[in-house]
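**Q** One structure coming up, written as structure tokens, with questions to follow.
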Amino acid sequence: QVQLVESGGGLVQPGGSLRLSCAASGFLFSMYAMSWYRQAPGKERVLVAIINSAGGTNYADSVKGRFTISRDNAKNTVYLQMNRLKPEDTAMYYCKATGFDSWGQGTQVTVSS
């Protein structure tokens with residue numbers, strides 16, 4: 001049974017930073033690509049970043065140069081380092097394992113002065 005537990009969200013001022021974590025279990029973590037998605041109020045859930053099993057990464061244009069996705073296979077954890085945060089980054093953030101339909105509970109990120 002796939003389980004994903006996101007953490008690390010919070011309230012931060014514009015220009016600040018946060019590091020999100022997603023602890024995964026129930027599957028062979030190292031073999032799967034992992035993604036971060038976000039969903040703002042009233043909007044669809046969208047892909048933010050993805051990291052494949054070899055460590056290759058890809059990002060949405062809106063976060064390129066500001067966000068970094070990484071993984072620690074020994075800890076079954078994927079991270080999202082978010083720098084130079086903007087109010088438009090405010091959303092619930094979720095992680096997902098490619099090939100599985102499961103979602104975690106998400107972690108709220110609010111960027112506001």
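The values are calculated or read from the model by the stated rules, or taken from the named source; none is laboratory data. Note that the coordinates shown come from a computational prediction; the quantities given were computed from them, not determined experimentally. As a convention, Cβ positions derive from the backbone with ideal geometry for all residues, glycine included, and neighbour counts pool all protein chains shown. Side chains are part of the model used for accessible areas, which takes the heavy atoms of the whole protein and leaves out ligands, DNA and RNA. Shrake-Rupley method; radii C 1.70, N 1.55, O 1.52, S 1.80 Å.
**Q** Which of (1) at pLDDT 95 or above; (2) over 17 Å from residue 100 (Cα atoms); (3) in a loop (DSSP other than H, G, I, E, B) does residue 53 not meet, given it meets every other one?
**A** (2)
**Q** Select from region 31-44 the residues that are open to solvent by 50 Å² or more (accessible area, probe 1.4 Å) and more than 18 Å from residue 21 (Cα to Cα) and list them in ascending order.
**A** Keep residues of region 31-44 that are open to solvent by 50 Å² or more (accessible area, probe 1.4 Å), which gives 31-32, 37, 39, 41-44.
31, 41, 42, 43, 44 - these are the residues of region 31-44 that are open to solvent by 50 Å² or more (accessible area, probe 1.4 Å) and more than 18 Å from residue 21 (Cα to Cα).
**Q** List the residue pairs whose Cβ atoms are under 9 Å apart, where the first residue sits in region 50-76 and is within 16 Å of residue 30 (Cβ to Cβ), the second is loosely packed, with under 13 Cβ neighbours inside 10 Å and aliphatic (A, V, I, L, M), and the two are 6 or more positions apart or on different chains.
**A** Listed by first residue and then by second, the contacts come to 53/31.
**Q** Of the conditions (1) out of contact with any strand residue (DSSP E or B) (no Cβ under 7 Å at 6 or more places or on another chain); (2) under 23 Å from residue 4 (Cα atoms), residue 96 fails just one. Which one is it?
**A** (1)
**Q** To continue, here is another question. Here is a check on your reading of the model: is residue 12 open to solvent by less than 50 Å² (accessible area, probe 1.4 Å), more than 11 Å from the chain's Cα centre (by Cα) and either in contact (Cβ under 8 Å) with a residue 12 or more places away in the chain or on the phi < 0 side of the Ramachandran plot (or both)?
**A** yes
**Q** Does region 43-58 contain any residue that is closer than 18 Å to residue 109 by Cβ, in contact with a helix residue (DSSP H, G or I) (Cβ under 8 Å, 6 or more places away or on another chain) and not basic (Lys, Arg)?
**A** no
**Q** Taking into account only those residues within region 20-54 that are small (Gly, Ala, Ser) and over 15 Å from the mean Cα position of the chain (by Cα), which is farthest from residue 94 (Cα to Cα)?
**A** Ranking the candidates gives 54 first.
Here's the yes/no breakdown for (1) open to solvent by less than 50 Å² (accessible area, probe 1.4 Å); (2) in a strand (DSSP E or B):
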position: 61; (1), (2): no, no
position: 64; (1), (2): no, no
position: 71; (1), (2): yes, yes
position: 79; (1), (2): yes, yes
position: 88; (1), (2): no, no
position: 95; (1), (2): yes, yes
position: 102; (1), (2): yes, no
